[in-house]
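Contents: one structure, followed by commentary.
The values are calculated or read from the model by the stated rules, or taken from the named source; none is laboratory data. It should be emphasised that the depicted structure is a prediction, and the values quoted were computed from it without experimental measurement. Heads up, the Cβs are rebuilt from the backbone with ideal geometry, glycines too, and the neighbour counts pull from every protein chain shown. In case anyone asks, the SASA skips ligands and DNA or RNA and just uses the protein heavy atoms, side chains included. Shrake-Rupley method; radii C 1.70, N 1.55, O 1.52, S 1.80 Å.
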Amino acid sequence: MQRKTFIALLMLILLSLNSSCWSSHGVSPQYLWQDKEEIVKVRQDQPSAYYKNKKSIVHWAEKVAKQPIPLLTDKDALPPSGNKCDYMSLSIYYWPNSSTPNGLPYVKHDGLVNPEKNNLQCYDAKRLETMVSYLRALALGYAVSGREDLAQHACTILDAWFINPKTSMRPNLEYAQMVPGKNGGQPSGIIETVNLIGVLDDLQMLEGSQAYTQERQKALQKWFGAYADWLHKSQHGQKENTAKNNHGVWYDAQLAAFYHFSGRDKLAKSILQQVAKKRLEPQLAADGSFPLELARTRPMNYSLYVLRAYLTLARLGDILGVNLYDAQTSKGVGLKTAIDFILPYVRGEKVLPKQDVTPWNSNYFMLMLHTANKHYNDKAYEK
């Protein structure tokens, strides 16, 4: 009897080790922004409504694998710290001042993005964006194909950005969204690392590969933990925490996600438990709209953006046992009310009175809604 029990336990262990991409080094296997079931479909050559076919995904990953890795140390300009490993970016809505001879200090034109932000000689925003897109391509390519070469290249990027002391990003955003003519970065620059939440999904897709070792996992947890500490303790972070619009919600989403990944679920959970009262209560109107976002020059874009942040927090809550999907304010409204408000505008059935000054895109929001609908089970959300 004891021998049979031992064999049964051994088989369970072997099965768990063979779970490949879906295993986890002590971190929840649920994704935050991606749909695991849909990815499995692609891996099995089944059609997916949210992802391209396996051939297209692998081809994309192969193209990325041939590209040079964009590094923070590639820029010519030195951050005020004198260290090129410090991230530095331009505040995107600031433009040269036409009333001064040298154009300084830059002045704000809300909603109008200054293309100078993509100047690779001076700023890192484009590099960060490129790095994130490369990681997604490679991790997704590995997830649907199991090809170790794609996982290895993804890990080379991870080493360059988060582990190698000569090239890795220092875990702070002291110089994000700088305004020429003024000193230092701005607290609002913290919004620029929102896409690092997606990197956590990439890491889970890479688990099971030979390249993504326990040592790499621990090093990455150390980096994200250090960055979470900076978000929590720095003057920029403390200021961003008080933001009343999407910036405050995304601050919470980043901090909770990075605490969770670095193994500090108690801190992550405490953030989630305050969301309804601290964020939803003052931000969400009785009709399901977010007035602070509607007041911007890009009301549709920012309405979708803030709701995506809330759905990210709700997804984290789903993992950590805090139900934000059904949380309500004193007005009796919650995230479902907000979804129901915005969907007719997404579908083109209604048009907001105030139009965005630039085009908006609902793709990321719709994928988040698809994930949220695993909780709501509302057929209307899948149209």
Order of 136-147, 152-163, 59-70 by packing, highest average Cβ count within 10 Å first?
136-147, 152-163, 59-70
Of the heavy-atom accessible surface of the chain (probe 1.4 angstrom), what whole percent is carbon and sulfur?
55
Ordered by packing density, taken as the mean number of other Cβ atoms within 10 Å over each peptide's residues, highest first, how do 31-37, 302-308 rank?
302-308, 31-37
Where does each of F341, F261 land when they are ordered by accessible area, with a 1.4 Å probe and the largest first?
F341, F261
Sort 278-291, 219-232 by the packing proxy (mean of other Cβ within 10 Å over each peptide's residues), most packed first.
219-232, 278-291
Just subtract the alpha-carbon distance of N183 and N363 from 0.36 nm times their residue separation and send over the number in nm, one decimal.
61.2 nm
For W223, what charge total do you get from the other residues with a beta carbon under 12 Å from its beta carbon, if Lys and Arg give +1 and Asp and Glu give -1?
+2
At a 1.4 Å probe radius, which order do C85, C122 fall into by accessible area, largest first?
C122, C85
Just to be sure I understand the model, the point goes 7 Å from the Cα along the line to the Cβ. What's the resulting T156 to E129 distance in nm?
2.5
Stretchable slack from T73 to K331, in nm (0.36 nm times residue separation minus alpha-carbon distance)
87.9 nm
Theoretical FRET efficiency, 1/(1+(r/R0)^6), r = Cβ-Cβ of N377 and N102, R0 56 Å, to 0.05
0.45
